[in-house]
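Trainee: Below you'll find the structure I mean.
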Amino acid sequence: MNRNLHILGLETSCDETAAAVVRRAPGGTGEILSDVVLSQLDLHSAFGGVVPELAARSHVLTLDRLIAQALEESGTPLADIDAVAVTSGPGLIGGLMVGLMTGKAIAMATGKPYLGINHLEGHALTARLTDNVAYPYLVLLVSGGHTQIVLVKGVDDYERWGTTIDDALGEAFDKTAKLLGLDYPGGPAVERSALTGDPGRFRLPVPMRRDPRLDFSFSGLKTAVRQMAQDHAPLEPQTIADLCLAFQTSVTKSLGDRITMALARFAARFPGVHAPALVVAGGVAANKAIRATLQARADEAGFHFVAPPLNLCTDNAAMIAWAGAERLAAGLPASPLDLAPRSRWPLDEDVAAAIGHGKRGAKA
Ligand code: KG4
Ligand code: ZN
């Protein structure tokens, strides 16, 4: 494809309504021309998780306005858009339907190609937009709905090396926060509380340590925290901080252990690739202890650690537009207009299904 591509992206798979316009130059570099995200956090926080019906209704009410804003801010008239890229899964069905119907209407009215995008592909390819990362590379996706290690070999060419066998990591942070009486979303609350924790007070097991599969498990840890919290009820603020630190330390060690194993596997498989990238994506990437560990493990293994800006690690439509641009540039076909949303949609259809695999909207 030897011309600039302008793609309109829409994202409505969970609790962010988002629209964006991205440009991809023929050489493969990308630029975000607009990136509008409306978080529904306030809508769901009282419920301690995402309520699917409320999410879908809010997408309906706000998406049109956000699209108009994204087009205007990008300075790109609709006529100059090359395709409409829409998240078609995995995610909450109601929300996905809102995005798909809206994207389809725009595609039909303008005669532009319509591209159904896997939300996970959006996360996986973001580092090419932000950092021009070359294939092959590894992505650790840690969000409220997913915890996966994915090998990215090319557009539409992924291998899932590991996934959670129970809770997603963000979900584990949220549930742990809830049982300790902290606010939703729990990740930032646990991290804040952990800052004043005493590292010597509680010790929790490190899940999956040295397990030859590259999978994750966090629900046992959450249960262990619950047990300790019950043993120390009523909870003093210091005990909460100590438990938060113990939980965060354990998950960080588990991630470090899994990632070191994945990097070794990558190095053995691609011995000729110099300083390959380890990319982190998802809201949990905001956690400083986790970031520091990933950076250290990447340094030790001779990998280049890439953490896109936080607003592109969490859910957004620029990543969906970008995945659409990459697909179009690679000559992949547009989607049919009767494309159905998929609540579960693994990036790598060849691997055996696991409980946490290809799942979204599991935060509630
Ligand atoms: O990617 P994301 O914004 O949204 C979805 O998964 O849809 O991720 C949100 C998750 C929540 O579970 C939240 O608790 C977690 O990311 N999170 C964190 C931190 N900030 C957000 N977890 C740990 N530490 C943080 N600082
Ligand atoms: Zn996401």
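The values are calculated or read from the model by the stated rules, or taken from the named source; none is laboratory data. Fair warning: this is a prediction, and the values are worked out from it, not measured in the lab. Glycine also receives a Cβ, built like all others from the backbone with ideal geometry; neighbour counts cover every protein chain displayed.
Trainee: Across the stretch 1-23, which residue is farthest from ligand 1 (Cβ to nearest atom) among those that are without any contact (Cβ under 8 Å) to a residue 40 or more places away in the chain and of a type outside the set (Lys, Arg)?
Mentor: Ranking the candidates gives 2 first.
Trainee: Right, next: Which of the residues that make up the stretch 24-67 are in contact (Cβ under 8 Å) with a residue 40 or more places away in the chain and basic (Lys, Arg)?
Mentor: 24
Trainee: Right, here's the next one. Can you spot a residue in the stretch 5-13 that is surrounded by fewer than 22 Cβ atoms within 10 Å (Cβ to Cβ) and over 15 Å from residue 76 (Cα atoms)?
Mentor: No: the stretch 5-13 contains no residue that is surrounded by fewer than 22 Cβ atoms within 10 Å (Cβ to Cβ) and over 15 Å from residue 76 (Cα atoms).
Trainee: Shifting gears a bit: Is it true that some residue in the stretch 261-268 is out of contact with any Pro (no Cβ under 9 Å at 6 or more places or on another chain) and among the basic types (Lys, Arg)? Walk me through how you get there before you give the answer.
Mentor: Start the filter on the stretch 261-268 by keeping residues that are out of contact with any Pro (no Cβ under 9 Å at 6 or more places or on another chain), which leaves 262, 264-265, 268.
The next check asks that each one be among the basic types (Lys, Arg); those that pass are 265.
There is at least one residue in the stretch 261-268 that is out of contact with any Pro (no Cβ under 9 Å at 6 or more places or on another chain) and among the basic types (Lys, Arg).
Trainee: If you check residue 145 against the conditions, is it over 29 Å from residue 232 (Cα atoms) and in a loop (DSSP other than H, G, I, E, B)?
Mentor: On the way: over 29 Å from residue 232 (Cα atoms): yes; in a loop (DSSP other than H, G, I, E, B): yes.
Spelling it out, residue 145 is indeed over 29 Å from residue 232 (Cα atoms) and in a loop (DSSP other than H, G, I, E, B).
Trainee: Against the definition (away from ligand 2 (no atom under 16 Å from the Cβ) and under 17 Å from the mean Cα position of the chain (by Cα)), how does residue 312 come out, yes or no? Please lay out each step first, then the result.
Mentor: Details: away from ligand 2 (no atom under 16 Å from the Cβ): no; under 17 Å from the mean Cα position of the chain (by Cα): yes.
For residue 312, the condition - away from ligand 2 (no atom under 16 Å from the Cβ) and under 17 Å from the mean Cα position of the chain (by Cα) - is not met.
Trainee: Report whether or not residue 163 is under 29 Å from residue 222 (Cα atoms), surrounded by 24 or more Cβ atoms within 10 Å (Cβ to Cβ) and touching a Ser or Thr at 6+ places or on another chain (Cβ under 6 Å).
Mentor: On the way: under 29 Å from residue 222 (Cα atoms): yes; surrounded by 24 or more Cβ atoms within 10 Å (Cβ to Cβ): yes; touching a Ser or Thr at 6+ places or on another chain (Cβ under 6 Å): no.
Judged against the criteria, residue 163 is not a match.
Trainee: Scan the stretch 283-300 for residues that are outside any loop (DSSP other than H, G, I, E, B) and either not charged (D, E, K, R) or not assigned by TED's automatic domain parsing to the domain that holds residue 254 (or both) and report the count. Outline the logic, then answer.
Mentor: Applying the first criterion (outside any loop (DSSP other than H, G, I, E, B)) to the stretch 283-300 yields 283-286, 288-300.
After this cut, where a residue has to be either not charged (D, E, K, R) or not assigned by TED's automatic domain parsing to the domain that holds residue 254 (or both) as well, the list is 283-286, 289-290, 292-296, 298.
Summing the residues that are outside any loop (DSSP other than H, G, I, E, B) and either not charged (D, E, K, R) or not assigned by TED's automatic domain parsing to the domain that holds residue 254 (or both) in the stretch 283-300 gives 12.
Trainee: I'm trying to understand the selection: among the residues of the stretch 107-132, which are surrounded by fewer than 18 Cβ atoms within 10 Å (Cβ to Cβ), touching a residue at least 24 places away in the same chain (Cβ under 8 Å) and more than 20 Å from residue 331 (Cα to Cα)? Working first, answer last.
Mentor: Pass one, the stretch 107-132, residues surrounded by fewer than 18 Cβ atoms within 10 Å (Cβ to Cβ): 108-111, 131-132.
Then drop every residue that is not touching a residue at least 24 places away in the same chain (Cβ under 8 Å), which leaves 108, 110, 131-132.
If the condition is that a residue be surrounded by fewer than 18 Cβ atoms within 10 Å (Cβ to Cβ), touching a residue at least 24 places away in the same chain (Cβ under 8 Å) and more than 20 Å from residue 331 (Cα to Cα), then 108, 110, 131 are the ones that fit.
Trainee: I'd like the residue in the stretch 253-283 that is in contact with a Gly (Cβ under 8 Å, 6 or more places away or on another chain) and among the aliphatic types (A, V, I, L, M) and, out of all such residues, is nearest to ligand 1 (Cβ to nearest atom). Please lay out each step first, then the result.
Mentor: Residues of the stretch 253-283 that are in contact with a Gly (Cβ under 8 Å, 6 or more places away or on another chain), as a first pass: 258, 262, 267, 275, 282-283.
Restricting the remaining residues to those that are among the aliphatic types (A, V, I, L, M) gives 262, 267, 275.
Values: 262: 20, 267: 28, 275: 27 Å.
Result: 262.
Trainee: Of everything in the stretch 262-300, what is within 16 Å of ligand 2 (Cβ to nearest atom) and either under 17 Å from residue 127 (Cα atoms) or surrounded by fewer than 16 Cβ atoms within 10 Å (Cβ to Cβ) (or both)? Give them in sequence order.
Mentor: Selection gives 279, 280, 281, 282, 283, 284, 285, 286.
Trainee: Kindly indicate which of 291, 327 is within 16 Å of ligand 1 (Cβ to nearest atom) and over 22 Å from residue 17 (Cα atoms). Steps first, answer last, please.
Mentor: Details: 327 fails: within 16 Å of ligand 1 (Cβ to nearest atom).
Checking each option against the conditions leaves just 291.
Trainee: Show the residue pairs meeting these rules: Cβ distance below 7 Å; 6+ apart or different chains; first residue within the stretch 301-323 and part of a helix (DSSP H, G or I); second residue of a type in the set (D, E, K, R).
Mentor: That search, which allows pairs on different chains as well, returns 318/35; 320/11; 323/121.
Trainee: Can I ask one more? Do we find that residue 248 is of a type outside the set (Gly, Ala, Ser), more than 16 Å from ligand 2 (Cβ to nearest atom), modelled with pLDDT of 95 or more and surrounded by fewer than 18 Cβ atoms within 10 Å (Cβ to Cβ) in this structure? Full working, then the answer.
Mentor: On the way: of a type outside the set (Gly, Ala, Ser): yes; more than 16 Å from ligand 2 (Cβ to nearest atom): yes; modelled with pLDDT of 95 or more: yes; surrounded by fewer than 18 Cβ atoms within 10 Å (Cβ to Cβ): no.
Taking the combined requirement at face value, the residue does not satisfy it.
Trainee: Does residue 102 qualify as being touching a residue at least 24 places away in the same chain (Cβ under 8 Å), of a type in the set (Val, Ile, Thr), assigned to a loop (DSSP other than H, G, I, E, B) and touching a Ser or Thr at 6+ places or on another chain (Cβ under 9 Å)?
Mentor: On the way: touching a residue at least 24 places away in the same chain (Cβ under 8 Å): yes; of a type in the set (Val, Ile, Thr): yes; assigned to a loop (DSSP other than H, G, I, E, B): no; touching a Ser or Thr at 6+ places or on another chain (Cβ under 9 Å): yes.
No; evaluated as a whole, the condition is false for this residue.
Trainee: I'd like the full set of residues that are closer than 19 Å to residue 322 by Cα and within 20 Å of the chain's Cα centre (by Cα), limited to the stretch 39-77.
Mentor: Those that are closer than 19 Å to residue 322 by Cα and within 20 Å of the chain's Cα centre (by Cα): none in the stretch 39-77.
Trainee: Kindly list the number of the only condition in (1) assigned to a helix (DSSP H, G or I); (2) away from ligand 1 (no atom under 16 Å from the Cβ) that fails for residue 58.
Mentor: If we test residue 58 against (1) assigned to a helix (DSSP H, G or I); (2) away from ligand 1 (no atom under 16 Å from the Cβ), just (2) comes out false.
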